[in-house]
Amino acid sequence: MKVIKKQILWVDDEIELLKPHILYLGERDYEITEVTNGPDALDLLSDKTFDLVLIDEMMPVMNGLELLRRIKAIRPELPAVMVTKSEAEELMEQAIGEHIAGFLTKPVNPSQILSVVKSIVDKRKISEAQLSRRWAEGFAELSQLIDEELDADGWVELHTRICTWELELDRWGDESLKEMLRDIRQEAEARFARWVEFSYEGWIAANPGERPPLSMDIVNKWLIPQLTGTGPILFLVVDCLRFDQWLALEPLLSEHFEIKREGYLSILPSATPYSRNAIFSGFMPSELEKVHPEIWAVGDEDEGSSNRYEHQFLDELLSRRGINLQPELRYVKVLEQDEASEFERRVKNYLHTPLTAMVYNFVDILLHTRQSVEVLKEMLPDESAFRSVTEAWFKHSSLYRIIQAFGEAGGKILVTSDHGSIRGRRGSKVIGDRQTSTNLRYKYGRNLQFDDRHGIKIKEPLKWGLPQRGINTDYIIAKEDYFFLYPNNYNKYLELYKNSFQHGGISMDEMILPVVTMTAK
């Protein structure tokens, strides 16, 4: 099999003295083109493609820095290495400013040159080989974890590892490894659903310290301890932000913040009316039904009505804990870009307030809009694309700049999500009367009939911390990637909703969520 040699352009006015190095690289399947000056190098670059250029810093006619600038103007993607007799810091800063890929200081020896060349030219090949080795070890570790009897911390760790691998494989695009990871996730989801089904009633009956942290524990466990410090606190709830999406955003913030990431479990159904009300009130939905029965008088589809008391709930929760903030906490809900921009313009007004609670709805809006806008379906066909678009949005968002403003003011930011989402792949038929709710991942009503392999039925809502909603009301909650459809026009709606992102059910992506404390460096 013919070896395709990597092409290297070496520009040096004393190129004859470098023959031993050129022969050394040639024996290792690199083809070197020799040039003695900058103008000739530029002429060659207009006619031939190279994988790397080595540039002598001190040359007549055109010095190395000038040649580097000219090369970057016509071939910005071409990596370049500066070969210099000088170790002056100013020279290095100038070269770095021109996006140099590496430095070599004369006199150089063959092994130094090979090391630099290989690290740049063969970086992807080397990294792919390392990826394969790491995947073999990672696959074994994931398989072993899935087979263990995991507690809540174990499930958070397993989910974190799977998400981390998903982000890693996004970068490399290896479809065979992605398929293996999808199989691992599917097996893990089935086991996770069984664990939740077996354990959930016990969590609801237990005291907070005797169960995994749930939605109603976030303020007590993570927010209130921060209120004893100095500086403003931003309590940020990003609606529908998944764990993997947070991991994609974290590197953008790690340069400026010390980040402590933990995990918690959303209550069921893993949907905004239940989970976010639980976060702000500290109550289970069944407890809220006693205190605020009007919340459940509207359907769950009307999130604007069912979540209209969040500010009041948080005030009441802090008051129950004996916390009296001066000045009082401020609450902001961002539904539109104009609202985000307006808050960004006024952010300095919030930096003298001890606590600002913010609900940011971009991710959830993007998810729901995707279902009805064809171009978004093309842009967001799967989880990998969703992560990528979320990262691109955040990098240029008002939210990013708002977070930075709180950090620069010496504040802390507590970030979490009320629930995640899962891509529904499999439909499941359900039969109910006209009063049955319309949600895809969970339903409540009377005499609900469905395939219990695809979900769980809750006949005693109070034991699951759910509102009673009248006599004989049952709940059903989908497991794994199933979603509920009625028999009428079943195939039509299966085609409509298949591969849409949904929430409300039992899955790691919906229930295992980040709680992140950030302090400015």
Among the residues of segment 345-392, the number that are surrounded by 15 or more Cβ atoms within 10 Å (Cβ to Cβ), without any contact (Cβ under 8 Å) to a residue 60 or more places away in the chain and more than 27 Å from GLU510 (Cβ to Cβ) is 1
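Let's see how each residue does on (1) loosely packed, with under 13 Cβ neighbours inside 10 Å; (2) among the aliphatic types (A, V, I, L, M):
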residue: LYS118; (1), (2): no, no
residue: PHE139; (1), (2): no, no
residue: LEU142; (1), (2): no, yes
residue: GLU179; (1), (2): yes, no
residue: PRO212; (1), (2): no, no
Counting only residues that are part of a loop (DSSP other than H, G, I, E, B), hydrophobic (A, V, I, L, M, F, W, C) and surrounded by fewer than 21 Cβ atoms within 10 Å (Cβ to Cβ), segment 449-501 contains a total of 1
Filtering segment 335-369 for residues that are within 18 Å of the chain's Cα centre (by Cα) and of a type in the set (D, E, K, R) leaves a count of 1
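For every residue, the table says whether it meets (1) touching a residue at least 40 places away in the same chain (Cβ under 8 Å); (2) outside any helix (DSSP H, G or I); (3) buried (at least 16 other Cβ atoms within 10 Å of the Cβ); (4) touching a Cys at 6+ places or on another chain (Cβ under 6 Å).
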site	(1), (2), (3), (4)
PRO39	no, no, no, no
PRO60	yes, yes, no, no
ILE71	no, no, yes, no
VAL81	no, yes, yes, no
Note: among ILE218, ILE279, ILE204, ILE224, just one is touching a Gly at 6+ places or on another chain (Cβ under 6 Å), part of a helix (DSSP H, G or I) and not assigned by TED's automatic domain parsing to the domain that holds ARG453, namely ILE204
Of those in segment 433-454 that are under 36 Å from the mean Cα position of the chain (by Cα) and without any contact (Cβ under 8 Å) to a residue 24 or more places away in the chain, the residue farthest from ILE267 (Cα to Cα) is ASP451
The residue that is modelled with the lowest pLDDT, considering only those in segment 61-85 that are farther than 21 Å from LYS6 by Cα and out of contact with any helix residue (DSSP H, G or I) (no Cβ under 9 Å at 6 or more places or on another chain), is LYS85
Quiz item: Mind checking whether some residue in segment 491-504 is more than 27 Å from HIS292 (Cβ to Cβ) and among the aliphatic types (A, V, I, L, M)?
Solution: yes
Test: residue in segment 141-156 that is part of a helix (DSSP H, G or I) and in the same structural domain as PRO269 (by TED's automatic domain parsing): no
query = Of the residues that make up segment 195-204, is at least one among the polar types (S, T, N, Q) and farther than 26 Å from TYR331 by Cα?
reply = yes
Here the residues within segment 39-60 that are more than 41 Å from the chain's Cα centre (by Cα), within 28 Å of ILE4 (Cα to Cα) and among the hydrophobic types (A, V, I, L, M, F, W, C) are ALA41, LEU42, LEU44
- [ ] Check segment 247-260 and report whether any residue there is of a type in the set (Val, Ile, Thr) and either buried (at least 19 other Cβ atoms within 10 Å of the Cβ) or part of a helix (DSSP H, G or I) (or both).
- [x] no
For segment 466-481, the count of residues that are touching a residue at least 60 places away in the same chain (Cβ under 8 Å) and closer than 19 Å to PRO293 by Cβ equals 5
Quick count over segment 41-50, residues being in a loop (DSSP other than H, G, I, E, B) and modelled with pLDDT of 90 or more, is 1
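The values are calculated or read from the model by the stated rules, or taken from the named source; none is laboratory data. Note that the coordinates shown come from a computational prediction; the quantities given were computed from them, not determined experimentally. Positions of Cβ are backbone-derived with ideal geometry, glycine not excepted, and every protein chain shown enters the neighbour counts.
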